[in-house]
1. HN-Hα J couplings of region 86-94 from phi, Karplus 6.51/-1.76/1.60, θ = phi - 60°, integer Hz, Gly and Pro as x?
2. Need one number: nm distance between label points at LEU56 and VAL330, each 7 Å from Cα along Cα→Cβ, rounded to one decimal.
3. Could you order HIS128, HIS159 by accessible surface area, starting with the largest, using a probe radius of 1.4 Å?
4. Quick one: grab the alpha carbon gyration tensor of region 59-152, order the square roots of its eigenvalues as a ≥ b ≥ c, and give me rounded if a/c is under 1.5, else prolate or oblate depending on whether a/b is larger than b/c.
5. Calculate how large, on average over all directions, the projected area of the Cα convex hull of region 117-226 is; give the answer in nm² to one decimal.
6. Say the cut-off is 27 Å between C-alpha atoms; which of LYS107/LYS185; LYS60/LYS331; LYS98/LYS185 go over it?
7. Take the Cα coordinates of region 167-215, assign each an equal point scatterer, and use the Debye formula without solvent to give log10 I(q)/I(0) at q = 0.23, 0.28 Å⁻¹.
8. Calculate, for region 72-150, the solvent-accessible area per residue in square angstrom, rolling a 1.4 angstrom probe over the heavy atoms of the protein chains.
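The values are calculated or read from the model by the stated rules, or taken from the named source; none is laboratory data. Here the structure is a predicted model, which means the values were calculated and not measured. Positions of Cβ are backbone-derived with ideal geometry, glycine not excepted, and every protein chain shown enters the neighbour counts. SASA here: full protein model, heavy atoms, side chains in, ligands and nucleic acids out. Shrake-Rupley method; radii C 1.70, N 1.55, O 1.52, S 1.80 Å.
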Amino acid sequence: MIRNGKERDRTDKTEQSSVRSEQQKDKINIKLKEQQEKCHQNQDENIFYYKKQSELYPKKLNILPDAPGGIYVEGCLPDEDQPAVAIVGARMCSSYGKKQAYEFGRKLAEYGVAIISGLARGVDGYAHEGALDGGGRTFAVLGCGLDYCYPPEHKNLWHRIVAQGGGIITEFPMCTPPKPYLFPKRNRIISALSDLVLVVEAKERSGSLITADCALEQGKTVYAVPGRVGDSLSLGCNRLIAQGAGIAISVEYILSELHIDFVKEGDKKEKNKLGLASDMNLVYSCLGFEPENLDGIVRKTGLSLARISEILLMLELDGYIRQTGKNNFVKS
């Protein structure tokens, strides 16, 4: 068929565009291959790349319909046989959220549970720190390449995670900057690597709720830390609980869900060391991380004001509680 001049020009341009597109794909593939080879060869920096076909590729990721074709790791991968809990929550968390994230991370780590999170500001960072202070291993899943530490102030935390036997994990190749649309995508990996997801604080629309949704789709258990009615940071957690999520009022609830015996000899010794007689234990159990006033303790325990004052003084001197104001007390 004979084409006129304009038709030949359009055909030539289409063919040239197709060639450029193929050349661009080839360049991307070559660049990715170079990055993967760099990771394989860069063992001095403790960076590795595991293809999906590799025996070392995390088996837990195979449940994902869109499982990454490979993952980049600095440090180590989670042990498949070690129970793992993802702790996620608000970046702009409250002091209550910081405390809960840290304590759950620390106490779970003390019982041999690996902590998975996203290295983000707020709840994620405090959960990682708690796990490290509890002597455990923790793993951070990034929404960028391993050549970016985001947020930058968590660089020391990054080094601590790797030094203590944990790892920094991402599906994104080197030179991938932290972009907002990448973080929701990485949440499916956080939940997939975990046996249970714990949401500490979350607004009504929060990335943490995306992680919870991923966990439910993957058949995982979701727990949430309850918060005060009316607090915007508690709205997401309280709604999760209303929809059937477990209520994380103590670490023992999480350990029971994981079928981990939480009665340890060390705990028994610590209780004996505290010398918490029945009255003292009763008073101590009335306190939490929100201030409780003296009148409230009297109503809850039924003990005399003089007896309660004596016990509170003993607990405060021993460092187990502290005053936040006149006649207001919290656990230390």
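1. So the J values, rounded to whole Hz, are 8, 10, 9, x, 5, 6, 8, 7, 7.
2. 4.4 nm
3. Working: HIS128 0, HIS159 95 Å².
The most accessible residue leads, giving HIS159, HIS128.
4. On the way: a/c = 1.88, a/b = 1.30, b/c = 1.45.
Oblate, since a/c reaches 1.5 and b/c is not below a/b.
5. On the way: hull surface 27.4 nm².
For region 117-226, averaging the hull's shadow over all directions gives 6.8 nm².
6. Working: LYS107/LYS185 29 Å; LYS60/LYS331 38 Å; LYS98/LYS185 24 Å.
Checking Cα-Cα distances, LYS107/LYS185; LYS60/LYS331 exceed 27 Å.
7. -0.92, -1.14
8. Values: 2390 Å² over 79 residues.
It amounts to 30 Å² per residue over region 72-150.
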